[in-house]
1. Conditions first: (1) surrounded by fewer than 23 Cβ atoms within 10 Å (Cβ to Cβ); (2) farther than 19 Å from Phe3 by Cα. Asp117 passes all but one, so which condition is the exception?
2. Pick from Thr68, Thr166: which is surrounded by fewer than 21 Cβ atoms within 10 Å (Cβ to Cβ), among the polar types (S, T, N, Q), in contact with a Ser or Thr (Cβ under 9 Å, 6 or more places away or on another chain) and modelled with pLDDT under 95?
3. Determine which member of the set Val164, Val174 is under 20 Å from Glu205 (Cβ atoms) and assigned to a loop (DSSP other than H, G, I, E, B).
4. Among the listed residues Gly202, Gly140, Gly123, identify the single one that is within 21 Å of Glu8 (Cβ to Cβ), surrounded by fewer than 17 Cβ atoms within 10 Å (Cβ to Cβ) and not aliphatic (A, V, I, L, M).
5. Give the number of residues within the range 186-208 that are more than 15 Å from Arg28 (Cα to Cα) and not in a helix (DSSP H, G or I).
6. Tell me the residue from Leu104, Leu32, Leu100, Leu108 that is in contact (Cβ under 8 Å) with a residue 40 or more places away in the chain, over 17 Å from the mean Cα position of the chain (by Cα) and surrounded by 15 or more Cβ atoms within 10 Å (Cβ to Cβ), please.
Amino acid sequence: MRFTLAPELAAIVRPGVLWLEGATVVERDARLNAPLAAAEAAVRTNPPAEIAAVRTMYKRVGLDPTKTRPSSEALLRRVRRGDALPRINSMVDVCNWCSLEFQLPYGLYDASRIDGDVDLRMGREGESYPGIRKDDVHVGGRITLADHVGPFGNPTSDSARTMVTTETVRALLVVFAPRDVDTRRMTAVLDMTSARMTEFTGCRERAREVA
């Protein structure tokens with residue numbers, strides 16, 4: 001399974017990719033209670049500063065980030081108004097924790113539900129997919145991930161087809177970073193994300209890529 005960045009996005013997005021395997025995903029891991037609460041408190045006191053770069057990434061593909069919000073900013077807005085991070089399952093919870101803290105949009109996918117190679121490209125007119133707990137997500141003209149079946153993820157909302165559940169053993173994690181984020185920063189983000197995934201799901205990092 002290969003990951004490819006389309007040429008039209010090469011100057012706009014710097015994706016960081018982790019291939020994870022051997023995970024044990026549980027519905028709720030009490031060990032995450034304290035670090036998630038600490039992360040929520042930290043961003044309320046000192047909000048991260050990467051929102052502008054992510055918003056610019058959206059604007060560069062013709063999207064209004066105040067109407068179609070990056071998932072990282074949606075999490076930050078939720079926490080700053082006093083709500084807790086959503087608790088879905090241990091792997092998704094770690095993903096949301098990292099996205100909140102680093103203020104970069106993350107995508108997390110069950111690798112066993114991905115068919116063939118993965119392309120990060122612009123969505124084509126008429127393309128969409130059933131979202132997680134929501135109606136169809138239309139991705140025409142948006143940054144999107146696609147396999148042989150079609151689109152399954154973007155920096156705002158992912159698909160029900162490839163969502164991570166307690167049955168997930170292998171996962172693909174994508175950080176949709178703006179091109180302005182340098183490779184040293186991306187390496188640090190992926191290092192921390194991988195370490196947290198290993199600690200709380202028992203997975204192993206099989207491979208990684210930074211465009």
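1. Tallying (1) surrounded by fewer than 23 Cβ atoms within 10 Å (Cβ to Cβ); (2) farther than 19 Å from Phe3 by Cα, Asp117 fails exactly one: (2).
2. None of the other options fit; the residue is Thr68.
3. Details: Val174 fails: assigned to a loop (DSSP other than H, G, I, E, B).
The match here is Val164.
4. Numbers: Gly202 fails: within 21 Å of Glu8 (Cβ to Cβ); Gly123 fails: surrounded by fewer than 17 Cβ atoms within 10 Å (Cβ to Cβ).
Only one candidate passes the filter, namely Gly140.
5. 6
6. Working: Leu104 fails: over 17 Å from the mean Cα position of the chain (by Cα); Leu100 fails: over 17 Å from the mean Cα position of the chain (by Cα); Leu108 fails: over 17 Å from the mean Cα position of the chain (by Cα).
On inspection, the qualifying residue turns out to be Leu32.
The values are calculated or read from the model by the stated rules, or taken from the named source; none is laboratory data. It should be emphasised that the depicted structure is a prediction, and the values quoted were computed from it without experimental measurement. A quick note on method: Cβ atoms are made from the backbone with ideal geometry, for glycine too, and the neighbour counts reach across all protein chains shown.
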